Each structure stands twice: as C-alpha cells, then as structure tokens.
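Participant: Next up is a structure, given as structure tokens.
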Amino acid sequence: MTNYLYQEQNWQSQLSDLITDPRELLEVLQLAPEQLLSGAILASKQFKLRVPRAFVGKMQTGNPLDPLLLQVLPHHLELEEHPGFVTDPLGEEQANQQPGVLHKYKSRFLLTLTGACAVHCRYCFRRHFPYQENLPKNEDWINIKQYLESQPDINEVILSGGDPLTLSNQKLKTWIERLESVPHLKFLRIHSRVPIVIPNRVDEELLSMLKNSRLRIILVVHSNHASELDDFTCTRLNQLVQHQITVLNQAVLLNGVNNSAQVLVDLSYRLFDAGVMPYYLHVLDKVKGAHHFDLASDHINEIYTEVLASLPGYLVPKLVREIAGEKNKTPLFGVSTFLS
Ligand code: SF4
C-alpha cells in the first residue's frame, strides 16, 4: 500500500489531482518495467489514464499484477484488433433520442449528465462513446421533460456515465429537483464508481440531498474486488445505507482481476459488511481495446457454479450480459444460448 492519506482531503481536491501520467503511477507503486511503461504510454493516447490517488492508495506497491492496477493501467494489448470487439458494443448511438438521453428499457430512462469519470476503467463499454456530442444543456430540460411526460410507463430515471457523482452537489440538486417535478417518476437510480475510488464523495450535503428527495434513491456502485473496499470506504458506503438509500453493487467479470470464485465470494461478503447488496455480475461487453479482459464461456460457468455453491442466495450477484437492442439484460446462468 502507498502511504497516501486520502481520508483527510476533500473530494473536490482529490478529483482535481488525479494521476494521469503512466510514469507517475508506476513510480508511486515502485514499478519499473520499461515494457509496462511504453505500452501504457501508447495505449493512454487512445483512452487516457485517469485514477484517483485514493484508489492507488489501495494498490499493493511492487505488484504489477495488482487487481486494482490492472483495471486502470493502459496496456499495449488494448491496441490489438479482435473480431467482434467494436467501439459501440451495445448499439447506444442508435438508441440515443436526443442529447444525453437513452431510452433503452421500457420503464427506465437513462440520462447522461456528464462525460467525465473519476477513473478510466480500461474495460469500459463506453470508452469510445462520443460524450461531447451527447450532453444535455440546461435548455434541453424542456424537451427532456416533455419526453418524460409523454411516456407514462417510465417510472425510473437512471443517471449514468460518465459518472454523475463527479458533478457538484449543486448541479446534481438542480437535476434532481427537475426530475422530482415529473409526477409519475418514482425512482432515481444513480450509477457511480466515485464512492469506491474517492469515498469522500459521500459528504454530508450529498447524504442529506439524497435522503430528502421525493424520489426513492438507488445508488448502484461499481466495485470488482474486495481490495477496493477498505474500512474507510465501507464506512462511507454504510452512511448511505443509514440515510435510507438503497445501495447495490455491480461488478464486471475480468480476466486477471476477479476471475476466481473465491475473489467474488470475498467481494460479496465485504460488500455485505458495508450494507451493500451484490446486484449484477456482468460478462465483459465486447468493446474494442478490452479483449484481454475477456473470459471463455466455460470458465465463466465454472466460476459462477462455484460462487453459487459458496454463497447464500442473497449474496449471489446475477450473472448477466447486455445485448445490443434487447429490452433488458440477459441472465446467463442456465441459459443454453450463452454457451453458443
Ligand atoms: S467509471 Fe464507469 S463509466 Fe467511467 S470509465 Fe469506469 S466503468 Fe466506464
């Protein structure tokens, strides 16, 4: 572990002081291999390195295979082309009705308020997404509201990534109040990795805003490994739970990071310690640049069978794949088409 005392720094300063240079990241972790560095520099030209020091603080120094490091360090394998690995694996550009809006699911509506993330996860299915052309401006709210009002089946809005918790509390408040003004909306889901990579993001103002919303708030965090969940992070996650916010976790099954039943079992128990329920375990979306994180179907089945046998049902995340154009995520285990 590095000695960085991230607990004492506010989240805004942490967000403006990310590590973006592969050389610095490797130096902080006391890693020297020249090959690692040259690959990282090349791959970061396509998708920049971004990682908070708080997250780096949870990595093991001197370990080039640290599961947290592998998720964020650009790698020369990202530059390889592989059939079936494409820039928009979920066909989101087609589902885009107007800036910042995705209506893929019947009752749920996705709103992308920012293209920024606190961390760049190398396997991210939106790593090529043209955010700049797709962010709603304040004046777009009128159209979004009209659209929501014309769709009485939508009862939930999902704020997705980029990462909505990189926005200031003030900006979030403005959007939450706008959404609260649509009478048939009941739920607001926020997808965010920030509470994991900068736990101080869970501050008093955010807690109070979420607790006092008319909408029922569901926060879906994204953690792939129990090492991401140190005591401080768990305490902050638990504060959300104490404020009547439902907190769920989604993970992505990643070669080299968490492709072991024991790692996934440890993750579920650690989440539960913090009051967070495991929700989804995603099979990797076939995004260009992430092929080296992919796993064979047989291996996935083997791992998941063992997870099922090792955990009580309430701690088993649903194994799913997202398929472009489908109205919901596709559950995988026991579905014969999965193996085709
Ligand atoms: S935080 Fe989420 S949206 Fe951002 S890069 Fe990671 S996986 Fe993608």
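The values are calculated or read from the model by the stated rules, or taken from the named source; none is laboratory data. The shown structure was predicted, so the numbers you read here are calculated from the model rather than taken from an experiment. Cβ: placed from backbone, ideal geometry, glycine included. Neighbour counts: every protein chain shown. Protein only, heavy atoms only, side chains kept; ligands, DNA and RNA dropped before computing areas. Shrake-Rupley method; radii C 1.70, N 1.55, O 1.52, S 1.80 Å.
Participant: Return the only residue of Leu148, Leu159, Leu165 being away from the ligand (no atom under 11 Å from the Cβ), surrounded by 21 or more Cβ atoms within 10 Å (Cβ to Cβ) and part of a helix (DSSP H, G or I).
Facilitator: Leu148
Participant: Evaluate the stretch 313-329: report whether one residue or more is without any contact (Cβ under 8 Å) to a residue 40 or more places away in the chain, open to solvent by 60 Å² or more (accessible area, probe 1.4 Å), part of a helix (DSSP H, G or I) and not small (Gly, Ala, Ser).
Facilitator: So far as the stretch 313-329 goes, yes, one or more of its residues are without any contact (Cβ under 8 Å) to a residue 40 or more places away in the chain, open to solvent by 60 Å² or more (accessible area, probe 1.4 Å), part of a helix (DSSP H, G or I) and not small (Gly, Ala, Ser).
Participant: Let me ask something else. Considering only residues that are farther than 15 Å from Asn10 by Cβ and outside any helix (DSSP H, G or I), look in the stretch 190-212 and name the one that is farthest from the ligand (Cβ to nearest atom).
Facilitator: Asn212
Participant: Would you check if there is a residue in the stretch 258-265 being under 30 Å from Glu92 (Cα atoms) and either open to solvent by less than 10 Å² (accessible area, probe 1.4 Å) or touching a Phe, Trp or Tyr at 6+ places or on another chain (Cβ under 8 Å) (or both)?
Facilitator: Looking for residues that are under 30 Å from Glu92 (Cα atoms) and either open to solvent by less than 10 Å² (accessible area, probe 1.4 Å) or touching a Phe, Trp or Tyr at 6+ places or on another chain (Cβ under 8 Å) (or both), one finds at least one in the stretch 258-265, hence yes.
Participant: Okay, moving on. Within the bounds of the stretch 119-142, is there any residue that is assigned to a loop (DSSP other than H, G, I, E, B), within 11 Å of the ligand (Cβ to nearest atom), in the same structural domain as Val252 (by TED's automatic domain parsing) and of a type in the set (Val, Ile, Thr)?
Facilitator: Yes, the stretch 119-142 has at least one match.
Participant: Tell me which residues, restricted to the stretch 122-164, are in contact with a Leu (Cβ under 8 Å, 6 or more places away or on another chain) and within 30 Å of Ala290 (Cβ to Cβ).
Facilitator: Arg122, Tyr123, Phe125, Leu135, Pro136, Glu156, Val157, Ile158, Leu159, Ser160, Gly162, Pro164
One line per residue, one yes/no per condition, for (1) closer than 24 Å to Leu167 by Cα; (2) open to solvent by 30 Å² or more (accessible area, probe 1.4 Å):
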{"position": "His76", "(1), (2)": "no, yes"}
{"position": "Leu79", "(1), (2)": "no, yes"}
{"position": "Pro89", "(1), (2)": "no, no"}
{"position": "Tyr123", "(1), (2)": "yes, no"}
{"position": "Arg126", "(1), (2)": "yes, no"}
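Participant: Would you confirm whether or not the stretch 102-110 contains a residue that is in contact with a helix residue (DSSP H, G or I) (Cβ under 7 Å, 6 or more places away or on another chain), modelled with pLDDT of 90 or more, closer than 24 Å to Ile196 by Cβ and surrounded by 15 or more Cβ atoms within 10 Å (Cβ to Cβ)?
Facilitator: For the stretch 102-110, residues in contact with a helix residue (DSSP H, G or I) (Cβ under 7 Å, 6 or more places away or on another chain), modelled with pLDDT of 90 or more, closer than 24 Å to Ile196 by Cβ and surrounded by 15 or more Cβ atoms within 10 Å (Cβ to Cβ): absent.
For (1) modelled with pLDDT of 95 or more; (2) in contact with a helix residue (DSSP H, G or I) (Cβ under 8 Å, 6 or more places away or on another chain), each residue gets a yes or a no:
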residue: Gln151; (1), (2): no, no
residue: Ile154; (1), (2): yes, yes
residue: Ile158; (1), (2): yes, no
residue: Gly162; (1), (2): no, yes
residue: Pro183; (1), (2): yes, no
residue: Ser192; (1), (2): yes, yes
residue: Pro195; (1), (2): yes, yes
residue: Pro199; (1), (2): yes, yes
residue: Val202; (1), (2): yes, yes
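Participant: Among what's in the stretch 168-189 and is over 16 Å from Lys137 (Cα atoms) and not in a strand (DSSP E or B), pick the residue that is farthest from the ligand (Cβ to nearest atom).
Facilitator: This residue is Pro183.
Participant: Looking only at the stretch 252-286, filter to residues that are under 15 Å from the mean Cα position of the chain (by Cα) and among the hydroxyl-bearing types (Ser, Thr, Tyr); which one of those is farthest from the ligand (Cβ to nearest atom)?
Facilitator: Here the answer is Tyr279.
Participant: Is there a residue in the stretch 58-65 that is open to solvent by 20 Å² or more (accessible area, probe 1.4 Å) and among the basic types (Lys, Arg)?
Facilitator: no
Participant: Continuing with the same structure: Just the residues that are touching a residue at least 60 places away in the same chain (Cβ under 8 Å), outside any strand (DSSP E or B) and aliphatic (A, V, I, L, M), please, taken from the stretch 96-118.
Facilitator: Answer for the stretch 96-118, where residues must be touching a residue at least 60 places away in the same chain (Cβ under 8 Å), outside any strand (DSSP E or B) and aliphatic (A, V, I, L, M): Leu113, Ala118.
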